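Take a look at the structure below.
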Amino acid sequence: MNLRSAVVSQFKRPRGILGRVVGWILASRGSNLARNRWTVDLLDPKSGERVLEIGCGPGVALELCLLRANVAVGGVDHSALMVSQARRRNFNAVREGRAVLVEGTIDDAPRDLAPFDKLFSINVIQFVDLADFAASARRLLKSGGVFAATYQPRHPKATRDDARAMAVRVNDVLRQSGFVDMRIEEIDLKPVPAVCVLARAV
Ligand SMILES: C[S@@+](CC[C@H](N)C(=O)[O-])C[C@H]1O[C@@H](n2cnc3c(N)ncnc32)[C@H](O)[C@@H]1O
């Protein structure tokens with residue numbers, strides 16, 4: 001495995017020295033920051049709400065949520081390294097109890113904060129069983145709560161069609177899992193557009 005493919009394989013679960021490189025890329029690459037900002041804009045967190053991110057990586061989107069409104073946030077990531085980077089990035093909010101960051105998967109989401117008004121993920125759905133993920137998300141959301149999943153394909157030769165195909169798959173799984181009011185948004189990013197599927201829990 002060459003260095004590039006070793007780094008790419010880390011995006012699923014960053015660890016060790018290469019994981020630190022991945023954390024740095026996630027927190028600084030232009031397209032990554034843009035899709036984080038775009039997703040938080042779509043989610044539109046409001047003061048008093050509880051917001052959960054699955055696969056929070058180094059905590060960039062959680063920081064944006066906290067800057068935007070007086071929210072309480074939960075973040076989950078199965079990479080211990082990413083959780084420690086997210087804690088460092090959101091140090092004050094963690095100390096004040098406005099952010100609870102946990103190592104694990106969606107089923108380890110902080111119960112004290114549940115149920116959530118909003119639950120989101122950014123470039124994580126390609127790594128999970130979608131039906132299980134949707135079922136767990138539904139259990140964690142309030143009735144009327146908002147689900148948002150953003151995806152920007154990053155594999156070699158990725159295309160807009162790859163992004164749209166994933167959006168259709170997610171949309172179908174959400175419908176089968178009892179979500180309503182689905183809508184698909186798209187943003188023109190380099191090298192490939194990103195999609196976000198939004199839905200409402202009943
Ligand atoms: C491509 S990175 C994206 C990180 C962040 N959402 C962002 O866009 O900056 C994927 C992240 O999801 C985490 N992850 C992947 N599968 C996961 C799962 N099943 N449960 C929790 N975290 C997961 C990885 O550890 C990694 O931090």
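When DSSP assigns beta bridges and you keep just the ones with both residues in the chain, what percent turn out antiparallel, to the nearest 5?
Looking only at bridges with both residues in the chain, the antiparallel portion is about 40 percent.
Each peptide in 42-54, 10-22 was scored by the mean count of other Cβ atoms within 10 Å over its residues; highest first, the order is 42-54, 10-22. Descending by average beta-carbon neighbour count within 10 Å, the peptides 74-83, 138-147 line up as 74-83, 138-147, the highest first. The distance from the alpha carbon centre of the stretch 93-152 to that of the stretch 1-23 is 24 Å, rounded to a whole number.
Counting lysine pairs in the stretch 30-200 that sit 8 or more residues apart in sequence, or on different chains, and whose Cα atoms lie under 29 Å apart gives 5. Taking every C-alpha pair closer than 8 Å and separated by at least 6 residues, the mean separation divided by the residue count of the stretch 30-200 gives a relative contact order of 19 percent. Say a paramagnetic label sat at a point 7 Å from the Cα of D181, along Cα to Cβ; which residues of the stretch 122-154 have their backbone N under 20 Å from it? Once the point is set 7 Å along Cα→Cβ of D181, 134-150 turn out to lie under 20 Å by backbone N, inside the stretch 122-154.
A simple rule links phi to the HN-Hα coupling: the Karplus curve 6.51 cos²θ - 1.76 cosθ + 1.60 with θ = phi - 60°, which for the stretch 159-167 gives 10, 4, 4, 4, 5, 5, 4, 5, 4 Hz, with x for Gly and Pro. Above 17 Å, the calculated P(r) of the stretch 98-148 contains 32 percent of its Cα-Cα pairs. Once backbone amide H atoms are built at 1.01 Å from N, L101 has G75 as its partners under 5 Å, excluding neighbours fewer than 5 places away on the same chain.
Only the coordinates and a few stated rules stand behind these numbers; no lab work does. Predicted model, so just to flag it, every value in this text is computed and none were measured. When we count neighbours, we look across all protein chains shown, and the Cβ atoms used for this are built from the backbone with ideal geometry, even at glycine.
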